[in-house]
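Q: After the structure tokens below, expect a handful of questions from me.
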Ligand code: ARG
Ligand code: ASP
């Protein structure tokens, strides 16, 4: 009997003992994982990865533009990130004459590098656990009083951290407020564009391949950080100097070996690993499918327009990509969660949690009811969350006419003040500029189609739309007719006339009669006064319970590998370079090659278009020494736990050298935002050797490669894996089968 008891406890506690690859770890706590990482092959010490007193890997990794990651690769501030992360900068410098999007851009020297107002790159100076100080004096406080004290404490700590230096400090909650960390950073503001490959490289595969393995995207762009004479951050000035970093990554052009250690070090945005079974069930079966349906409608309208003319294709390209990116990720998530039966796994974990809580009266008291309460809250309040999700899709993501409404609402709200201050005409000029760029990429019939389809879908999804007089009394076609034929907001000429003749009377008239504005106002007011407060309240209650749930997991299962959900702070995940077998009878290799890229191009699909130069170089097999035994690797996968925000993150080998840039996950693994499955979840990286080849051979920008430190020769892994004899190497070049034999 006793033996069985022990066995059961062991099985149950493994529910919380995660596999090595799961988790996004806090760099300042990495010491705790050092031996595990070393057991997987890492040759570095924790101090080399993160140190406050000495330079370490962290000093070469920057939060790029607040949403992506980038890494330094030279002593002169050369910075790499993804193509899709630098896309808007490349776009902003592009014109019909200089179409950098289509043909790429390469500065031949530093003078040609292009400035990017507003773009920042932040280096993390240190990450401190400040939980005790943040919670100081909050004992016994609840609700607003608690929040107030918390905020005061944070302010003091943040101010102290930046007194007498040029840093910025920010305190963030981790584990739903069980822990608080202060991140001190150095924010650079003079970041110049150095180079970007053409979209046919940087976005190769487009939406067809997005979130998909096998992948052949050269998703990188090149920037440079400039600093003042003192090497500290400075706003753009011609006198600024290339930043001299504390650390930059040597770049590994060594052969890769399947199974070798990989580490991803960057800024993951958000994950939700702790959701209760009921909560996940609601997301998987209701919220995500509804959001997908909404986007199905937008995409159907946009895709039809894009297929009908080149002009519309260009106008809607980036909007389509934005809408489709989330849409496709969610479809992948649902598929993944279903195939592993994530809800059942959650139920099993909840049972383990409850069983454990039942073993001690103190735990029973604190944790015994929690799971049930969380699931009950979802059952009772999920509509509040759902209303929020649907409003976001309808009013903010959907028809763009609503965007115009939001913007004009601001202007008419500020009209009197602007007039008094004498700033009205300047402001109107700004609006005219804004409207020019808005209408440049807007098509009335397309937006109308989107609006009509989305309105029907929205009504179907939210069921009770009685709060809206417009939606309850009119059909989507009737509304569309008034809005797209009558409103001043859906036509550029009418909109400019409206701006030109703006006065008290025209505003009154507009507020009373413009059908687009009136519908939007009704929806937006309801959103602000009803939907947001309710959904915030739901979140607050749920987060309060999750805080206790996470504390319970840590207390009752102390041996588990606990990691706080991603929150846009710097994290480390480690794993190995490996393929996966996400479907029955199917095995993904861990890498792709230029041959595969050409094969995709030969399908004739426009997402796989190439400029002639790529085909010429590929035909010549002119790999410039960046190949691995005769193949030019393009991308590879590894089992590192990543999410949105990790784009551009360095993928680092056992010795701290750069192997490539993380940029995506496979479709089967997007579920990792909720649950990481080591058998399916793979992040996708563009191999740095392909990046170098593009710079050197394709773009004739070899001077950038010269700036970097290249690590050649055998990697420790290759030395161990028993390299082939010269003869075998030649034979390997010819045939894959032969190569596999050789590997053995
Ligand atoms: N799926 C990746 C991410 O979430 C890459 C998106 C950019 N690429 C694209 N084809 N839209 O950011
Ligand atoms: N593509 C994502 C990004 O831009 C990365 C991911 O979600 O895996 O951060």
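Quick note: the coordinates plus some simple rules give every number you see, no bench work behind them. Just so you know, these numbers come straight off a predicted model, no measurement behind them. Reconstructed Cβ throughout: ideal geometry from the backbone, glycine too, with neighbour counts over all protein chains shown.
Q: Could you tell me the calculated FRET efficiency between residue 466 and residue 237, based on Cβ-Cβ distance and R0 = 51 angstrom, to the nearest 0.05?
A: So, using R0 = 51 Å, E works out to roughly 0.30.
Q: Sticking with this structure for a sec: Label residue 373 and residue 138 with points 7 Å out from Cα along Cα→Cβ: what is the distance between them in nm?
A: Each label point lies 7 Å from its Cα, and together they span 1.8 nm.
Q: Additional query: In terms of the Cα gyration tensor, with a ≥ b ≥ c the square roots of its eigenvalues, is segment 121-235 rounded because a/c is under 1.5, prolate because a/b exceeds b/c, or oblate?
A: Verdict is oblate for segment 121-235.
Q: What is the fewest-to-most order of 131, 637 by other Cβ atoms lying within 10 Å of their Cβ?
A: Result, fewest neighbours first: 131, 637.
Q: Here is a follow-up. Label-point separation (nm) for residue 286 and residue 341, each offset 7 Å from Cα along Cα-to-Cβ?
A: 2.4 nm
Q: Mind sorting 279, 641 by how few other Cβ atoms lie within 10 Å of their own Cβ, fewest first?
A: 279, 641
Q: Could I ask something else about it? For a Förster distance of 60 Å, can you work out the FRET efficiency between the beta-carbons of residue 35 and residue 311, rounded to the nearest 0.05?
A: So the FRET efficiency works out to roughly 0.50.
Q: Something else about it: Based on the Cβ-Cβ distance from residue 703 to residue 511, what FRET efficiency comes out when R0 is 60 Å, to the nearest 0.05?
A: 0.55
Q: Give, in whole angstrom and from largest to smallest, the semi-axes √(5λ) of the equivalent ellipsoid of segment 550-709, with λ running over the eigenvalues of the Cα gyration tensor.
A: Working from the Cα gyration tensor, I get semi-axes of 34, 19, 13 Å.
Q: Sort 504, 34 so that the residue with the fewest other Cβ atoms within 10 Å of its own Cβ comes first and the one with the most comes last.
A: The order, fewest Cβ neighbours first, is 504, 34.
Q: Calculate how many DSSP beta bridges within the chain are antiparallel, expressed in % of all such bridges and rounded to the nearest 5.
A: Of all bridge pairs located within the chain, approximately 95 percent are antiparallel.
Q: Please give the contour-minus-distance gain from residue 410 to residue 432: 0.36 nm per residue of separation, less the Cα-Cα distance, rounded to one decimal in nm.
A: Between residue 410 and residue 432, full extension yields 6.5 nm more.
Q: Kirkwood hydrodynamic radius for segment 315-374: how many Å is it when counted over pairs of different Cα atoms?
A: For segment 315-374, the Kirkwood estimate is 14.5 Å.
Q: If you don't mind, there's one more thing I want to ask. Calculate log10 I(q)/I(0) of segment 451-490 for q = 0.26, 0.27 Å⁻¹, where I(q) comes from the Debye formula with a single equal point scatterer on each Cα and nothing for solvent.
A: Values returned for q = 0.26, 0.27 Å⁻¹ are -0.89, -0.93.
Q: Kindly provide the pair-distance distribution of the chain built from C-alpha pairs, with 10 Å bins from 0 and whole-percent values in order of increasing distance.
A: 2, 12, 21, 25, 22, 13, 4, 1, 0
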